[in-house]
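K.L.:
Sending over a structure as structure tokens; questions will come in a sec.
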Amino acid sequence: VTFTSYFTVSDLEMFLNCVAAVLVVAISASGQDLTCTADKSSNPRCVCTQADGKKIDLRSIGRASGPRFSMIQGSSNKYSYNPCYPFTDGVGCKHVAVCQHAGDSLYSLGTQDSAIFETDGTDLFIHYTKGASYRETKIMLKCDPQAEVPTLYFDEEKPTLTYKFTLTSKCNCPGKCHTASEEKKSSSGDIGVVGLVILSVFILAVIVYFVAGMIIMRVKYEKTGADIIPNKGFWTSLPFLVKDGFVFTFTPCINCVRRKQGYSTVEKT
């Protein structure tokens with residue numbers, strides 16, 4: 001009986017196609033989820049949280065007054081943009097996120113309160129609407145861990161009145177940028193985690209020491225009762241050693257206090 005008695009070439013091809021389909025589905029399912037939910041607890045206009053809990057925070061890019069990016073050259077017009085915080089540029093752009101300079105005219109391309117995070121499955125964008133005459137803007141957030149200085153480039157106007165840009169910055173990478181208070185909180189959290197790990201390792205080492213030591217004392221040396229405790233003499237004397245350490249350390253301090261209390265004040269006659 002041979003393999004081909006049960007399976008034909010067509011059956012084999014079908015099997016291989018099924019395997020390939022399963023692999024494609026598995027790879028797709030294990031791909032990075034770019035969905036980023038606006039963080040209402042901080043600033044939903046420029047902070048979002050991904051499925052793994054890491055945040056993308058643009059607050060350090062935006063400026064409290066005036067646009068971070070001014071007069072960016074487009075195909076025929078110039079543009080100004082500021083993440084997170086609204087700015088005003090003349091009569092046409094009041095409290096906006098993006099402003100278009102078309103000759104002597106200014107047009108709003110979106111407001112900060114309209115900002116939403118969205119993805120096309122490949123890239124993450126921040127989308128601004130409520131611009132003049134239905135204008136809107138999509139800023140692609142390009143992650144570059146080496147980009148200490150953020151840059152903004154105009155891509156295209158497609159479809160009409162939808163303006164697309166690419167913002168490149170390390171702050172577009174999850175967990176790379178924080179405010180000063182959050183950095184302090186993050187550092188404290190990291191220290192706490194390290195301390196917990198050290199404590200856990202120490203406790204585990206103590207448990208392994210006693211369990212392994214007691215097994216060796218019982219099996220190899222045939223000890224019983226309290227004698228199976230490894231280094232019994234040391235552990236029974238440890239409380240007294242601790243006591244002697246405290247006495248040695250604090251006795252000079254106690255004597256110094258007593259000497260000061262023994263002084264008396266001499267009154268003038």
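K.L.:
Considering the zone a paramagnetic label at K78 would reach in this model (a point 7 Å from Cα along the Cα-to-Cβ line), which residues of segment 122-165 have amide N under 15 Å from it?
P.N.:
Once the point is set 7 Å along Cα→Cβ of K78, 154 turn out to lie under 15 Å by backbone N, inside segment 122-165.
K.L.:
For the cross-link pairs K54/K158; K94/K170; K130/K176; K130/K170; K130/K158; K94/K138, which exceed 26 Å when the distance is taken from alpha carbon to alpha carbon?
P.N.:
Violating the 26 Å Cα-Cα cut-off are K54/K158; K94/K170; K130/K176; K130/K170.
K.L.:
Once you place label points 7 Å from the Cα toward the Cβ at R259 and H95, how far apart are they in nm?
P.N.:
So the label points at R259 and H95 sit 7.3 nm apart.
K.L.:
Hey, can you find the accessible area per residue of segment 210-254 for me, probe 1.4 Å, expressed in square angstrom?
P.N.:
Computed with neighbouring chains in place, this is 81 Å² per residue.
K.L.:
Moving on. May I ask you to derive the relative contact order of segment 24-180, considering only C-alpha pairs under 8 Å and at least 6 residues apart, and to give it as an integer percent?
P.N.:
19 percent.
K.L.:
Fully extended, how many nm does the chain gain between I229 and I198 (0.36 nm per residue separation, minus their Cα-Cα distance)? Can you show the working numbers first?
P.N.:
Working: separation 31, 0.36 × 31 = 11.16 nm, distance 2.47 nm.
Result: 8.7 nm gained on full extension.
K.L.:
Stretched out fully, how many nm does the piece from S114 to E156 gain, at 0.36 nm a residue minus the Cα gap?
P.N.:
Residue separation times 0.36 nm, minus the Cα-Cα distance, leaves 13.0 nm.
K.L.:
Could you run the Karplus curve 6.51 cos²θ - 1.76 cosθ + 1.60 with θ = phi - 60° over segment 165-175 and give me ³J(HN,Hα) per residue in whole Hz, x for Gly and Pro?
P.N.:
10, 10, 9, 10, 6, 5, 5, 7, 8, x, x
K.L.:
Turning to a different aspect of this structure: Compute the signed sum of charges (Lys and Arg +1, Asp and Glu -1) over the other residues within less than 14 Å, Cβ to Cβ, of K232.
P.N.:
Here the charged neighbours net out to +1.
K.L.:
Over segment 51-173, with the other protein chains present, what is the accessible area per residue in square angstrom, probe 1.4 angstrom?
P.N.:
Per-residue accessible area for segment 51-173 comes out at 49 Å².
The values are calculated or read from the model by the stated rules, or taken from the named source; none is laboratory data. Note that the coordinates shown come from a computational prediction; the quantities given were computed from them, not determined experimentally. In this analysis, Cβ positions are derived from the backbone assuming ideal geometry, glycine residues included, and neighbour counts consider all displayed protein chains. With ligands, DNA and RNA removed, areas are computed over all heavy atoms of the protein, side chains included. Shrake-Rupley method; radii C 1.70, N 1.55, O 1.52, S 1.80 Å.
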